[in-house]
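Enquirer: Dropping a structure here in structure tokens format, bear with me for questions.
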2 protein chains.
Amino acid sequence: MFVAWLRELEIKHLAALEAVASAGTFARAAERLGYTQSAVSQQIASLERIVGERVFDRPGGPRPVTLTPLGERLLAHGRDLLHRVDALARDLERFRLGEVGRLTVGAYQSVCSAVLPAVVGRLYRDHPELELRVAERDDDDVMLAELADGSLDVGFVVGPVGAPVATRHLLDDPFVLLSRPGQFPPGPVRIADLHGQPMIGQHGYSCQLLNESGLRSVGLEPTYVFRSNDNGTVAAMVRAGMGVAILPLLCVDLEDRRIELHPLEPVIPGRTVALAWRTDRTLGAAAQQFIAVTVEVCGSLAERLAAVA
Amino acid sequence: MFVAWLRELEIKHLAALEAVASAGTFARAAERLGYTQSAVSQQIASLERIVGERVFDRPGGPRPVTLTPLGERLLAHGRDLLHRVDALARDLERFRLGEVGRLTVGAYQSVCSAVLPAVVGRLYRDHPELELRVAERDDDDVMLAELADGSLDVGFVVGPVGAPVATRHLLDDPFVLLSRPGQFPPGPVRIADLHGQPMIGQHGYSCQLLNESGLRSVGLEPTYVFRSNDNGTVAAMVRAGMGVAILPLLCVDLEDRRIELHPLEPVIPGRTVALAWRTDRTLGAAAQQFIAVTVEVCGSLAERLAAVA
DNA sequence: CACAATGATCAGCTAGCCTGATGTTCGTGG
DNA sequence: CCACGAACATCAGGCTAGCTGATCATTGTG
């Protein structure tokens, strides 16, 4: 892919060239580079052997050396390269500090609306140059597959998963009943009382399956009259009186006064929201920060949720 | 001027990184680079020591290695640098062949109009990407000074000059008499016959001084009624009948039928046009080509001049 | 469970590179 | 005209970085 000749050219040579050219003297260049004059002399000689011609005219005696035309042209390229190496170093340093970098996150809709805004906001506030991508995925398996093939750096998942991924538990997200205000007396609603009640649900992905199996385990066979994965649509249908819905608390807009929330009795196993990433791949600083910030954000979020349910 | 850390980073490391990343395994990368697997392993280890983190995740066993986020970012920079080194090599090669490069030439007005167009035309025809600059200088001393300080790469000069410059003789440029058609009988004009004749000359630079000293050495004290360094102006004044002019043949537009040329008798020492350049500085390929082409162009030009004078 | 593929590691050697001393060239001041 | 100083080249010597070849550890595969 790359050229054959000039293979021995190294950055060191260009640095020596630059130093001598701008110092005017081998000895001063050596001093600046922290070498002896002899070393610089040999480095330039090596460079000249590589390019096949002299890059400096040495007038001899105490007169300063000057670049040959070829040396001048080489130096123009060399300065450019040195500046780019410099930029590389600075960029790498910022990357290691998590100030720059690209990060692709996978998340459910509920996480996207309830958790991510706060996380993204804090990350951008601290490091405005991060390149964050959020991919909305509603299926745990899709999420894990994309985590595995590298499309995602980190992803929010529902349950504890096996696979070669690490997970960090974030919060417990209990199922709650959504109803029209006044439809049920305040306080917990007994699942048994929901027999025959028309229900609104999501399509058959991870948390909906968890939902249904929870209900069945306490003897309720739910009747769904509408399914949507858009939480706003589900809430709207509840408001419209089409039925009630059992949703993870995170899927609910807590500010919406036109619906009412009720804990369930008995409590069915709610989903646990966790963050997952591959353990066999090194995490970038940006990803580590994302995890840390997310853990913190979810910590305070969990407190607020506990107050509701 | 440049950064402190990352000083040990060399192009070799980036080449190894690129090779491994695109080959997927250390062994194949080694094969491509002409090293052993062990060498590549150590090069990557060295790179990782320099940047302070792993750049590859090694899953172990026969699975391909993958870049870490930091490795990916480093590689993006690295590929850019490698391409630039590649471009550097190609550019240097073209420079050595004289296909590209910058060349600044100093020349008198007469040379500019009589010699340079042909030279420049041929150079551009062969190497369209050369960057030629022509600086019109009417004074030999100025020319030599600028040659000395590097402002000019090569310069046209009149006489053989000492200084630390080499000169290449190009052609002899005899002085001729310009007159209105019919003002003198065809053929040579005797200088003695010009006594009292109003004359038009140039200002006191190199070739005008040579001119006047030549005339005085054969007993003529010229009377100048007008001086201009613009050869077209001098010719116009001759046409207007203001006087006659003695000019180097190169300063005359041979196609202008409204003036007549006469050799002088006796012949006074004409100027010799030569090309000069510093001997203590290496010449670029472009300069060498310029000299070669100029010598050739002047060779055929000399023949045509001989036919006139 | 043996085998193959892959990277890490180690020992040993070579070559490149740096240092310190010395040689050579040239301008400068007396 | 000469001695001195400044500046680069060169040489010898030592050190180390880097390469080779062999071996080890790990892991997927038949």
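The values are calculated or read from the model by the stated rules, or taken from the named source; none is laboratory data. In this text the structure is predicted, and so the values were computed from the model without any measurement. Cβ coordinates were reconstructed from backbone atoms using ideal geometry, including for glycine residues, and neighbour counts include every protein chain displayed. For the accessible areas, the whole protein counts, side chains as well, though only heavy atoms, and no ligand, DNA or RNA atoms are used. Shrake-Rupley method; radii C 1.70, N 1.55, O 1.52, S 1.80 Å.
Enquirer: Give B:Leu249, B:Leu283, B:Leu220 a once-over and let me know the one that is within 14 Å of chain A (Cβ to nearest Cβ) and open to solvent by less than 60 Å² (accessible area, probe 1.4 Å).
Expert: Just a single option satisfies the conditions, and that option is B:Leu283.
Enquirer: May I ask you to say which residue of B:Ala307, B:Ala302 is out of contact with any strand residue (DSSP E or B) (no Cβ under 6 Å at 6 or more places or on another chain) and either loosely packed, with under 14 Cβ neighbours inside 10 Å or in a helix (DSSP H, G or I) (or both)?
Expert: Result of the check over B:Ala307, B:Ala302: B:Ala307.
Enquirer: How many of the residues making up the range B:28-46 are touching a residue at least 12 places away in the same chain (Cβ under 8 Å) and either more than 10 Å from DNA strand C (Cβ to nearest atom) or among the hydrophobic types (A, V, I, L, M, F, W, C) (or both)?
Expert: 6
Enquirer: From the list A:Val120, A:Val100, exactly one residue is among the hydrophobic types (A, V, I, L, M, F, W, C), under 30 Å from A:Glu10 (Cβ atoms) and within 13 Å of the chain's Cα centre (by Cα). Which is it?
Expert: Working: A:Val120 fails: under 30 Å from A:Glu10 (Cβ atoms).
Every option except A:Val100 fails the conditions.
Enquirer: Can you pull out the helices (runs of 4 or more DSSP H) entirely within the range B:49-128 that have at least 1 residues that are more than 16 Å from DNA strand D (Cβ to nearest atom) and touching a Cys at 6+ places or on another chain (Cβ under 8 Å)?
Expert: Counting at least 1 such residues, we get B:109-114.
Enquirer: Hey, another quick one. Condition first: within 9 Å of chain A (Cβ to nearest Cβ) and not aromatic (Phe, Trp, Tyr). Can you find one or more residues in the range B:41-50 that meet it?
Expert: Checked the range B:41-50: no residue is within 9 Å of chain A (Cβ to nearest Cβ) and not aromatic (Phe, Trp, Tyr).
Enquirer: So, one more: For the range A:258-271, which residues satisfy the criterion of being surrounded by 15 or more Cβ atoms within 10 Å (Cβ to Cβ) and modelled with pLDDT of 90 or more?
Expert: A:Ile259, A:Glu260, A:Leu261, A:His262, A:Pro263, A:Leu264
Enquirer: Something else about it: Can you tell me which residue among A:Asp140, A:Asp149, A:Asp153 is in contact (Cβ under 8 Å) with a residue 60 or more places away in the chain and within 14 Å of chain B (Cβ to nearest Cβ)?
Expert: A:Asp153
Enquirer: Select from the range B:119-145 the residues that are farther than 21 Å from B:Leu283 by Cβ and open to solvent by less than 50 Å² (accessible area, probe 1.4 Å) and list them in ascending order.
Expert: Selection gives B:Gly121, B:Asp139.
Enquirer: Inspect the range B:136-147 for any residue being part of a strand (DSSP E or B) and under 21 Å from B:Ile268 (Cβ atoms) and give the result as yes or no.
Expert: The answer is no; no qualifying residue exists.
Enquirer: I've got another one for you. So if I check each of B:Arg227, B:Arg239, B:Arg216, B:Arg258, which one is closer than 21 Å to B:Asp172 by Cα and out of contact with any Ser or Thr (no Cβ under 6 Å at 6 or more places or on another chain)? Reasoning before the result, please.
Expert: Values: B:Arg227 fails: closer than 21 Å to B:Asp172 by Cα; B:Arg239 fails: closer than 21 Å to B:Asp172 by Cα; B:Arg258 fails: closer than 21 Å to B:Asp172 by Cα.
The conditions single out B:Arg216.
Enquirer: Only one residue in B:Asp149, B:Asp153 is in the same structural domain as B:Val297 (by TED's automatic domain parsing) and surrounded by fewer than 12 Cβ atoms within 10 Å (Cβ to Cβ), so which one is that? First the steps, then the outcome.
Expert: Values: B:Asp153 fails: surrounded by fewer than 12 Cβ atoms within 10 Å (Cβ to Cβ).
Just a single option satisfies the conditions, and that option is B:Asp149.
Enquirer: Please determine, by comparing only the residues of the range B:49-74 that are more than 48 Å from the chain's Cα centre (by Cα) and more than 15 Å from DNA strand C (Cβ to nearest atom), which one is nearest to B:Lys12 (Cα to Cα).
Expert: This residue is B:Gly52.
A quick yes/no check of all residues on (1) open to solvent by 50 Å² or more (accessible area, probe 1.4 Å); (2) in the same structural domain as B:Leu116 (by TED's automatic domain parsing); (3) without any contact (Cβ under 8 Å) to a residue 24 or more places away in the chain:
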{"residue": "B:Pro181", "(1), (2), (3)": "yes, no, no"}
{"residue": "B:Pro188", "(1), (2), (3)": "yes, no, no"}
{"residue": "B:Ala192", "(1), (2), (3)": "yes, no, no"}
{"residue": "B:Gly196", "(1), (2), (3)": "yes, no, no"}
{"residue": "B:Tyr205", "(1), (2), (3)": "yes, no, no"}
{"residue": "B:Leu215", "(1), (2), (3)": "no, no, no"}
{"residue": "B:Gly232", "(1), (2), (3)": "no, no, yes"}
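Enquirer: Here's another thing I want to ask about it. How many of the residues in the range B:75-88 are crowded, with 20+ Cβ neighbours inside 10 Å and under 27 Å from the mean Cα position of the chain (by Cα)?
Expert: Summing the residues that are crowded, with 20+ Cβ neighbours inside 10 Å and under 27 Å from the mean Cα position of the chain (by Cα) in the range B:75-88 gives 2.
Enquirer: Cβ contacts < 8 Å: first residue under 23 Å from A:Asp138 (Cβ atoms) and within 12 Å of chain B (Cβ to nearest Cβ), restricted to the range A:91-107; second residue in a helix (DSSP H, G or I) and at pLDDT 95 or above, any location; separation 6+ or different chain. Result?
Expert: As it stands, the answer is A:Leu103/A:Ala286; A:Leu103/A:Ala287; A:Leu103/A:Phe290, since those pairs meet every condition given.
Enquirer: Please go through the range A:34-48 and pick out each residue that is more than 10 Å from DNA strand D (Cβ to nearest atom) and either open to solvent by 70 Å² or more (accessible area, probe 1.4 Å) or at pLDDT below 95 (or both).
Expert: First, the residues of the range A:34-48 that are more than 10 Å from DNA strand D (Cβ to nearest atom): A:34-35, A:46-47.
A:Gly34, A:Tyr35, listed by residue number.
Enquirer: Scan the range B:281-295 residue by residue and report those that are of a type outside the set (Val, Ile, Thr) and farther than 15 Å from B:Glu131 by Cα.
Expert: Residues satisfying the conditions are B:Arg281, B:Leu283, B:Ala292.
Enquirer: Which of (1) farther than 12 Å from B:Leu92 by Cβ; (2) more than 7 Å from every other protein chain (Cβ to nearest Cβ); (3) touching a helix residue (DSSP H, G or I) at 6+ places or on another chain (Cβ under 8 Å) is the odd one out, the single condition A:Gly78 does not satisfy?
Expert: It fails just one condition, (1).
Enquirer: Residues to consider are B:Ala19, B:Ala30; find the one that is within 11 Å of chain A (Cβ to nearest Cβ) and surrounded by 16 or more Cβ atoms within 10 Å (Cβ to Cβ).
Expert: Working: B:Ala30 fails: within 11 Å of chain A (Cβ to nearest Cβ).
The conditions single out B:Ala19.
Enquirer: Next question. Considering the range B:263-280 alone, what residues qualify as being within 14 Å of chain A (Cβ to nearest Cβ) and within 13 Å of the chain's Cα centre (by Cα)?
Expert: Result: B:Trp277, B:Arg278.
Enquirer: Now, a different point. Residues of the range A:4-16 being at pLDDT 95 or above and open to solvent by 80 Å² or more (accessible area, probe 1.4 Å), which ones?
Expert: Result: A:Lys12, single match.
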